[in-house]
Amino acid sequence: MNKFHEVLMEQLSRESSFINDNDELKKFVIIDAAYNINPKLIELLIEVDEIKNKFFTEIKGHWVFNINLFVQYMENKNFLKDSYTRYKNKIGLNIDGKFLNQRNEVSLVWPFKDCVLEGGQTKEDQKRPEIFFNELLAQEEIDQLFEPKVLTNWKRYTTNGEEKVTKLKTDKKGVIKENLIVKGNNLLALHSLLIQFKSKIQTIYIDPPYNTGNDSFGYNDNFNHSTWLTFMKNRLSIARNLLTESGSIYISIDQNELGYLQVLMDEIFGLQNRAGLITVKRGSVTGHKSINPGVVNVSENILLYCKNKNFWKPNRIFLKRNRNIRYNNFILNRHKDTEQWSFCTLLSAFSKHIGIDKNKLKKTLGNEFENKIYEFVKSNPASVIQIAYPDINKVSKEVKEKILESKKNQDKIFHIARQNEPDFFLINGQRLLFYSDRLMEIDGETVTGEPMSDIWLDVLPNDLHNEGGIKLKKGKKPEKLVKRILEIEKKENLIFLDFHIGSGTSIAVAHKMGIQYIGIEQLDYGKNDSTIRMQNVIGKKIKKDGEWLDSIDCDRSGISKAVNWQGGGNFIYCELKKYNETFIEQIEVAKDSKELLNIWEGMKEHSFINYNVDIKKQDEQIEEFKELTLKQQKEILLQILNKNQLYVNLSSVDDEDFKVSAEDKKLTKEFYKIEEEQKSTQMKTGL
Ligand SMILES: C[S@@+](CC[C@H](N)C(=O)[O-])C[C@H]1O[C@@H](n2cnc3c(N)ncnc32)[C@H](O)[C@@H]1O
């Protein structure tokens, strides 16, 4: 520990509320004190010159506290061996006697069996049972795996169809302002995004494989669980680095891994940055579910964490609800001065308005009663009221006094005007609440709103499988669910990321809401690919009688109506340029030994083989190889391939062997800001 730390620690320990029974500093109490400019903390810090000079700046004779610097310092230092830190280290998920954060492994997963493929593999039983594509690499085996990758096959999609990409749009600071779909393994794609997007992503949503036994991890339970956790840990850690300080991440998950994922997230993002656990209704108690004994599962969850809760600024969201029947009184003469107001019940006012006797209303109007009375309420929202006792402990002193006064003055109406809050109207000690404060515009409709809770029962549509015009049998999420997440987070210049896009639900929603997005997916779903969905979203211009019409023929499903989606916009598609990955994909789909032997011939010529493999020996023993089962042969070929070379590394972009086209070179360099950096180094060095 250096001297400065020692002095600081000693100084902080002088305040008894900053230390626990073991004389250890309570890191989060101190951080909280800093955010609240706690006088005791400031006094301690300012007392010692060395500390004062580090965390305070002198401006015109005043010392100004640099909270961020102090908090950063406290958060970054591991020397604070408080009980929280020790506990946190202890609760680390334990696999085979080792905590997850001690296991420096990387899980590379080829999720060919995540979801039933509509293009090619159409039936569930076409999934091969052998799942050996969960490969764990030890840290020592990794040298170039995480290097940024060359990007290829660039295409821009607009209402005119597919176009060549010639340039990437950027903002003044050089940050890419394009919607992107990147095809490739998400772990490597995330690492590749770091150069451009480190600390720039505001919101992440992912819907990873749930590890239910039906997805790509369904191999053997022990192996499966630890592989899944390692898989998630690798990706979530890097995703955290992409988030801005005020950013947040939402993860869909079900009860299989919920508990484990939460502990993992506590480790990566910090318990103090837990921001919600949302329960989503994903089905109904129907069919075979309804005859099962026990508790019928119809829900799943969304875990919400932010990078730093102190900086996270979510929006306040209201959801549509039925008419609030507690508002059952009516002011007959709202236009008059407050003192002259007279009241009746809502039912009486409605009865008079519609010309039907109060006692016959429900019978006469039948099913139409609710619609008609709601219309009446919406047309007179300032007159429809609820009269309720206010919580006397939650009001200001001035309001409290008025409440007491109003209790004493029978039927007199008191009006208290307030700034930035609804006025207070009181009668007989009770408050008048107006329906006009409950009405709002939601999805283009004037409705009654209520603040959103963490139970989402209403996001599942009837026609989920039709949304976006493409199919994904398992795991397709409703557009409404993602819309809700993006509404919580929406702000100017937001960049949204999903690295498990599947059928592209989340990016379709972001596109329709005008939010910049990046989507990553490894699989090509053919006619059900996310790129097809996104082309449906953007739509096509329509020609009629030789003339182009103004309107666009675009996707009208999902949230289109709610956001008045009319088509337009564009996105860029690109891929991590494959190297060994090409062979992995060939091995995966090979049907027999003969095919595998052909692949081996190709591998000898064009792949990067592990250093320890002797090609000659493999050839000499080829007869023995043929004796193995197809699964074993596949495993051997996969093991021979060097995993650091799955895709072409950026450092090889100019290497002739990889035949990177001039166009890919230009765009890859633009993406990684290579030219710019070279130019700025040239400027700095004067060369
Ligand atoms: C449950 S699906 C997501 C579905 C999506 N929310 C939707 O509405 O369509 C999970 C997706 O993650 C993808 N995936 C799994 N592992 C991956 C990896 N290592 N790299 C890239 N994509 C991966 C799968 O291919 C699958 O499409």
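The values are calculated or read from the model by the stated rules, or taken from the named source; none is laboratory data. Everything numeric in this text was worked out from a predicted model, so none of it was measured. Cβ sites come from the backbone with ideal geometry, for glycine too, and all protein chains shown count toward neighbours.
Structure above, values below:
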{"item": "Members of segment 303-351 that are of a type in the set (Val, Ile, Thr), surrounded by fewer than 18 Cβ atoms within 10 Å (Cβ to Cβ) and over 23 Å from residue 492 (Cβ atoms)", "result": "325, 338, 345"}
{"item": "Checklist (1) within 18 Å of the chain's Cα centre (by Cα); (2) surrounded by fewer than 20 Cβ atoms within 10 Å (Cβ to Cβ) applied to residue 236, failing item", "result": "(2)"}
{"item": "Residue in segment 399-411 that is within 29 Å of residue 380 (Cβ to Cβ), polar (S, T, N, Q), exposed (fewer than 13 other Cβ atoms within 10 Å of the Cβ) and touching a residue at least 12 places away in the same chain (Cβ under 8 Å) present", "result": "yes"}
{"item": "Search result, residues across segment 639-665 that are surrounded by fewer than 18 Cβ atoms within 10 Å (Cβ to Cβ) and not in a loop (DSSP other than H, G, I, E, B)", "result": "639, 651, 656, 657, 658, 662, 663, 665"}
{"item": "Residue 497 closer than 24 Å to residue 171 by Cα and assigned by TED's automatic domain parsing to the domain that holds residue 252", "result": "yes"}
{"item": "Segment 479-516 - residue that is in a loop (DSSP other than H, G, I, E, B) and more than 8 Å from the ligand (Cβ to nearest atom) and, of those, nearest to residue 317 (Cα to Cα)", "result": "490"}
{"item": "Hits in segment 12-27 (condition: surrounded by 17 or more Cβ atoms within 10 Å (Cβ to Cβ) and part of a helix (DSSP H, G or I))", "result": "12, 18, 27"}
{"item": "Qualifying strands (runs of 3 or more DSSP E) (wholly inside segment 150-194; at least 1 residues being over 15 Å from residue 664 (Cα atoms), more than 16 Å from the ligand (Cβ to nearest atom) and among the aromatic types (Phe, Trp, Tyr))", "result": "151-158"}
{"item": "Search result, residues across segment 143-162 that are among the hydrophobic types (A, V, I, L, M, F, W, C) and under 17 Å from residue 238 (Cβ atoms)", "result": "145, 146"}
{"item": "Lone qualifier among 140, 147, 118, 135 - being modelled with pLDDT under 95 and part of a strand (DSSP E or B)", "result": "135"}
{"item": "Neighbours by Cβ (under 6 Å, 6+ apart or cross-chain): first from segment 478-507, on the phi > 0 side of the Ramachandran plot and surrounded by fewer than 24 Cβ atoms within 10 Å (Cβ to Cβ); second at pLDDT 95 or above and of a type outside the set (S, T, N, Q)", "result": "none"}
{"item": "Qualifying position, being crowded, with 16+ Cβ neighbours inside 10 Å, modelled with pLDDT of 95 or more and under 23 Å from the mean Cα position of the chain (by Cα), among 525, 517", "result": "517"}
{"item": "Given (1) crowded, with 18+ Cβ neighbours inside 10 Å; (2) within 13 Å of the ligand (Cβ to nearest atom); (3) of a type outside the set (S, T, N, Q), index of the condition residue 460 fails", "result": "(1)"}
{"item": "Of all residues in segment 412-428 being modelled with pLDDT of 90 or more and part of a loop (DSSP other than H, G, I, E, B), the one that is nearest to the chain's Cα centre (by Cα)", "result": "428"}
{"item": "Breaking point among (1) at pLDDT below 95; (2) more than 16 Å from the ligand (Cβ to nearest atom); (3) assigned to a helix (DSSP H, G or I), for residue 441", "result": "(3)"}
{"item": "Segment 47-81, residues that are under 18 Å from residue 15 (Cα atoms), among the β-branched types (Val, Ile, Thr) and either assigned to a helix (DSSP H, G or I) or at pLDDT below 85 (or both)", "result": "51, 71"}
{"item": "Residue 32 vs. criteria surrounded by 11 or more Cβ atoms within 10 Å (Cβ to Cβ) and at pLDDT below 90", "result": "yes"}
{"item": "Residue match in segment 265-279 (condition: surrounded by fewer than 16 Cβ atoms within 10 Å (Cβ to Cβ) and within 16 Å of the ligand (Cβ to nearest atom))", "result": "no"}
{"item": "Selection count, segment 526-559, where residues are within 15 Å of the ligand (Cβ to nearest atom) and either over 25 Å from residue 500 (Cβ atoms) or touching a helix residue (DSSP H, G or I) at 6+ places or on another chain (Cβ under 8 Å) (or both)", "result": "10"}
{"item": "Answer from 622, 572, 636 - the residue that is surrounded by 17 or more Cβ atoms within 10 Å (Cβ to Cβ) and out of contact with any Ser or Thr (no Cβ under 8 Å at 6 or more places or on another chain)", "result": "572"}
{"item": "Answer residue from segment 195-212, given it is away from the ligand (no atom under 14 Å from the Cβ) and part of a loop (DSSP other than H, G, I, E, B) and is farthest from residue 146 (Cα to Cα) among those", "result": "200"}
{"item": "Within segment 328-356, tally of residues that are closer than 16 Å to residue 378 by Cα, part of a loop (DSSP other than H, G, I, E, B) and either outside the structural domain of residue 414 (by TED's automatic domain parsing) or among the β-branched types (Val, Ile, Thr) (or both)", "result": "0"}
{"item": "Any chance residue 42 is touching a strand residue (DSSP E or B) at 6+ places or on another chain (Cβ under 7 Å), on the phi > 0 side of the Ramachandran plot and either at pLDDT 65 or above or surrounded by 11 or more Cβ atoms within 10 Å (Cβ to Cβ) (or both)", "result": "no"}
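Listed here are the residues, each with its yes/no results for (1) farther than 29 Å from residue 574 by Cα; (2) touching a residue at least 40 places away in the same chain (Cβ under 8 Å).
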| position | (1), (2) |
| --- | --- |
| 593 | yes, yes |
| 619 | yes, no |
| 637 | no, yes |
| 642 | no, yes |
| 654 | no, no |
| 658 | no, yes |
